[in-house]
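The values are calculated or read from the model by the stated rules, or taken from the named source; none is laboratory data. As the structure is a prediction and not an experimental result, all values here were calculated from the model. When we count neighbours, we look across all protein chains shown, and the Cβ atoms used for this are built from the backbone with ideal geometry, even at glycine.
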Amino acid sequence: MSKNNIIEIYAFDQEIGKLGLDPDRRASYFQYNPEFLNSEKYTRIFPLLIRRIKEVQLFDRYNSNTFRGLPPPFADSLPDLFGNIIFKAWLENTHKDFNQISVLEQLCYVGKRGMGALEFAPAKKIPEGTTIDLTEIIEVVNQVLENKNNVTGQGLDTTSLINIFKIGSSAGGARPKILISQDKTTGRIIPGDLVYSNDYDHYLIKLGIDKDVSYSRETIEYVYYRMAVDAGIEMMPSRMIDERHFATLRFDRVDGRKKHILTACGMRGWDFEDPQVSAYENLFDLALYLKLEQRDIDQLFRRMVFNLVFANHDDHLKNHAFIYDEISDQWRLAPAYDITYSLNPLINFTQTSRALSINGKRTSITRADVNSIAEKYTISRADSVMTGIQDLTAAWPVYAKEYSISENVVRAIQKSYWMQ
């Protein structure tokens, strides 16, 4: 392989190993750094798929759009739909062809800026951050999205586009979102791509700039956050900004440290678009394999029930993650995220199907199906959990009114709730 097709992987200020790509064979290769192996530290940093051996390991089974030929733990760091739109816009603005950028080169643009603790070198040099203005950022994002097929010649300000690229291309998901850091003392906002100091609060912000719908997805997500917390689901503190944008503290930046995160996709190599592996039972089995505490198993069950009751159909495998404690060398369930009503409430769907099956079903799920999960994974008081979360549906119209969600949206969403 060409040296240009090899990059280095870092975590916790140590080189973990080297990652190579052979485009002709549609295969990637990983080899641990011998010094890292000999250190006997972080022995469970990749508990599955990547074996802790000194030999080169071949990965030739992960060619879907989710993994793009990479070992799944590293594919987790690639931009998703919105990130790629921003990445393409920035490259075109700098007269580079997005289609000529390899997946390894894209990881080098991620560099030290990605979610979680993994870093990629040699990192592409990008101007360091300065203070940013949220209103200006939103204007540039709107311009990019309106001209996403061709931003060349659209008069986009280079400095603003660089800021958008840095803070908008690393966060996952399809909706427009950015990463910012806010000084705890002065309130000053800077790009959230590199700073992880405890002097800042680090936010992921979902921007309320939709022009294709007549309601606010971000407001609905905030109300769902409030109800999920009421239901005993662990989430990071969140708030609305200017009554338009949904902001949540990041769980991969804690106490001035980067935290290593893997989604269920990255951990296990499950493609979240593959229905054959998209089952809650797989999540529970993975949690047991990782030796998670029973409280995490109970928490996962509570999230499953909430998603079922409140009709969050987009609870796919990338929307469940695990967080690594580098001190104890143990994994635990990450706080819940992306919990919301995922469909357009103003469209009358005749039938909807869940991303993750329950007892082999994506539709017509019964209380007995949920209880079968509870019995298999030793969940106590399962019926009480279901009833308690169903009782919380009464809070939906109350919270919705508080945040000025229209009555027709409230009624449409409420009709989809699971009340068996």
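Just one of Arg303, Arg295 is modelled with pLDDT of 95 or more, under 25 Å from Ser216 (Cβ atoms), out of contact with any Gly (no Cβ under 8 Å at 6 or more places or on another chain) and assigned to a helix (DSSP H, G or I); which is it? Residue meeting the stated conditions: Arg303. Counting the residues of the stretch 20-62 that are touching a residue at least 24 places away in the same chain (Cβ under 8 Å), out of contact with any Pro (no Cβ under 7 Å at 6 or more places or on another chain) and aliphatic (A, V, I, L, M) gives 6.
Taking the criterion of being within 28 Å of the chain's Cα centre (by Cα) and farther than 12 Å from Phe284 by Cβ, the only residue of the stretch 370-379 that qualifies is Val370. Evaluation of Gly266 against the conditions (1) outside any loop (DSSP other than H, G, I, E, B); (2) under 28 Å from Asn344 (Cβ atoms); (3) in contact with a helix residue (DSSP H, G or I) (Cβ under 8 Å, 6 or more places away or on another chain) shows that the sole unmet condition is (2). Residue pairs whose Cβ atoms lie under 8 Å apart, separated by 6 or more positions or on different chains, with the first residue in the stretch 408-420 and assigned by TED's automatic domain parsing to the domain that holds Phe306 and closer than 12 Å to Tyr215 by Cβ and the second surrounded by fewer than 18 Cβ atoms within 10 Å (Cβ to Cβ) and among the charged types (D, E, K, R), are Val410/Lys401. Considering the stretch 316-361, and only residues there that are more than 24 Å from Asn282 (Cα to Cα) and among the polar types (S, T, N, Q), the residue that is surrounded by the most Cβ atoms within 10 Å (Cβ to Cβ) turns out to be Asn344. Considering every residue within the stretch 364-374, establish whether at least one is at pLDDT below 95 and over 23 Å from Asp252 (Cα atoms). Checked against the condition, which is being at pLDDT below 95 and over 23 Å from Asp252 (Cα atoms), the stretch 364-374 yields at least one hit. Among the residues examined, Gly69 does not qualify as in contact with a Leu (Cβ under 9 Å, 6 or more places away or on another chain) and at pLDDT below 90.
Can you go through Leu204, Leu161, Leu179 and tell me which one is among the hydrophobic types (A, V, I, L, M, F, W, C), at pLDDT 65 or above and touching a Phe, Trp or Tyr at 6+ places or on another chain (Cβ under 8 Å)? Before you say what the answer is, go through the steps one by one.
Working: Leu204 fails: touching a Phe, Trp or Tyr at 6+ places or on another chain (Cβ under 8 Å); Leu161 fails: at pLDDT 65 or above.
Residue meeting the stated conditions: Leu179.
Out of curiosity, is Leu356 closer than 24 Å to Leu290 by Cβ and touching a residue at least 60 places away in the same chain (Cβ under 8 Å)? In short, yes. Here Ala311 does not fit the description of being of a type in the set (Gly, Ala, Ser), in contact (Cβ under 8 Å) with a residue 60 or more places away in the chain and not assigned by TED's automatic domain parsing to the domain that holds Ile358. Checked against (1) at pLDDT below 95; (2) among the charged types (D, E, K, R); (3) assigned to a helix (DSSP H, G or I), Glu243 passes all but a single condition, namely (3).
Taken over the stretch 295-352, the criterion of being touching a helix residue (DSSP H, G or I) at 6+ places or on another chain (Cβ under 6 Å) and under 18 Å from Glu273 (Cβ atoms) is satisfied by Asp315, Leu317, Lys318, His320, Asp338. Filtered by the rule that a residue be hydrophobic (A, V, I, L, M, F, W, C), farther than 19 Å from Gly266 by Cβ and modelled with pLDDT under 95, the stretch 1-58 gives Met1, Ile6. Within the stretch 368-380, residues that are on the phi > 0 side of the Ramachandran plot sit with their Cβ atoms under 8 Å from residues that are at pLDDT 95 or above, at 6+ positions apart or across chains, in these pairs: Thr378/Gln294; Thr378/Ile297.
Thr219: crowded, with 16+ Cβ neighbours inside 10 Å, touching an Asp or Glu at 6+ places or on another chain (Cβ under 6 Å) and among the polar types (S, T, N, Q), yes or no?
It is false that Thr219 is crowded, with 16+ Cβ neighbours inside 10 Å, touching an Asp or Glu at 6+ places or on another chain (Cβ under 6 Å) and among the polar types (S, T, N, Q).
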